[in-house]
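Worksheet: one structure, shown below.
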Amino acid sequence: MNRLFGFFSGVWLTALCMLTPCAFAEGNEVAALKAQIEVLSRKLEAMDSKLMTMERPSPGAQVAYIPPAPESKSGLLRTIEDIRVGGYVETQFQNKVGEPRGTGNTGRSLTDKASDTFSMNAAKIWFEKTANPEGGAGFRIDMMMGSDVPYYFNNLTRDNTISSTNAFAFEQAYVQWVAPLGFWSDSKILPHTVEIRAGRMVTLAGNEVIEGPSNWNVSRSVSFGYAIPFTHTGVRATYALFDGYVTVYNGINNGWDVDIDNNSYKTFENAFSFSPLKDVKWTTATYFGPENNAASGGKRFLVTNVLGWDATTKLSFAGEFDMGNQPRVDTAQDDTFHTAQWFDYAAYARYKFTDKLAMAYRFELFDDSCRYRNWTGAGTAGAATDLANTLTLEYKLYGNMIARAEYRIDYAHAGDGNVFGGDHQQNTLGGQLIYLFG
């Protein structure tokens, strides 16, 4: 028994001697870890104190705000971001110089028919999503309000009457589709893409446009109001040939300035534009189709030619020649039909004295020997020819605000001498203020 007790006592003492160094070793490691943790804690406290000092701005210092990273958008928000918006507001004042007063400005095509009056000609806003030029879809909407609107978009009859007095309209509203033509992608002659527009679009004819800020003068020319159309509703294809040297337009539409076709036949449009020389651009457009109400016969033909030349960074020129032809015309309303023709010629020049100050001059001659377009009166009472000189001074009050002043002289003659209220000459003064946005 004593021997057995002695054996177990020896084993226990031996194990205790072996485990004691391990216990001491573990105790030393724990103490070392605790010391390291305390050192790290002190370092973190010091760093936190320094950061607080750095973040606290000094007295008077500006604090820059760094916004959080934007979240990715999709759906309606993404669609709205892709749409560009712009427009303008255009106001005018027109006044006749000399006698007779209060009879209006004969031969004008828009609000400037009225004399001695202020007018809010146009307030326009547009929305656009341009299609990817390599292939894609887009749209354009131009909405306009103002006293000029009835003359553009409510089927103005050419005897100076208006079928509607609505002061709101869509100048343009079309969808756009660019289709890639991969099978011609390596060609230097044929087009690589074709752009299709469907809806209401502005005309390809003429040098002057509906948008007042894009013209050089306050008043529109007689030819703009009576020789050419304003808008068309239909389909138009545009493509480039000869590696972009020539741009071609082909289309079919309901006719001149109508949404719903007023006869059973369509009007065809064709045009091409190119630059024969540097800073020179030439455009020719043709229209062919019936424009008489409820009559598909007597198809009207129009050809318009426009030349633009930027001679220097300050001096620019433009020229226009239009010719129209309308068969089966009964001007005298005596059941005697004939073919009416009209011509117009216009020359423009503009010089920029400074970035803010510019001057523009326009000469025009409108020949309506058959008195079909009736710009000064009905039948034989109207003048056959109008000649006009217009001088316009422009000054940019701000980058997006334009002020213009204009003096214009019209000359015309008719058999009864009553074209301008008993005179062959009409002098007018005009002023214009335009604000652009977008």
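The values are calculated or read from the model by the stated rules, or taken from the named source; none is laboratory data. In this text the structure is predicted, and so the values were computed from the model without any measurement. Heads up, the Cβs are rebuilt from the backbone with ideal geometry, glycines too, and the neighbour counts pull from every protein chain shown.
Filter the stretch 162-220 down to the residues that are of a type in the set (Gly, Ala, Ser), in contact (Cβ under 8 Å) with a residue 12 or more places away in the chain and outside any loop (DSSP other than H, G, I, E, B), then identify the one that is farthest from Thr392 (Cα to Cα).
Result: Ala179.
Tell me whether the stretch 224-243 contains one or more residues that are in contact (Cβ under 8 Å) with a residue 24 or more places away in the chain and within 19 Å of Gly308 (Cα to Cα).
Yes: one or more hits.
Is one or more of the residues making up the stretch 143-161 surrounded by fewer than 19 Cβ atoms within 10 Å (Cβ to Cβ), modelled with pLDDT of 90 or more and not in a loop (DSSP other than H, G, I, E, B)?
Yes.
Which of (1) under 28 Å from the mean Cα position of the chain (by Cα); (2) in a loop (DSSP other than H, G, I, E, B) does Tyr249 not meet, given it meets every other one?
The number of the failed condition is (2).
Can you tell me which condition Ile434 does not meet? The list is (1) at pLDDT below 80; (2) of a type in the set (A, V, I, L, M); (3) within 24 Å of Ala114 (Cβ to Cβ), and all the others hold.
Evaluating Ile434 over (1) at pLDDT below 80; (2) of a type in the set (A, V, I, L, M); (3) within 24 Å of Ala114 (Cβ to Cβ) leaves (1) as the failure.
Got a sec? Which strands (runs of 3 or more DSSP E) wholly within the stretch 267-328 have at least 3 residues that are of a type in the set (A, V, I, L, M, F, W, C) and under 20 Å from Gly234 (Cβ atoms)?
267-274, 300-310
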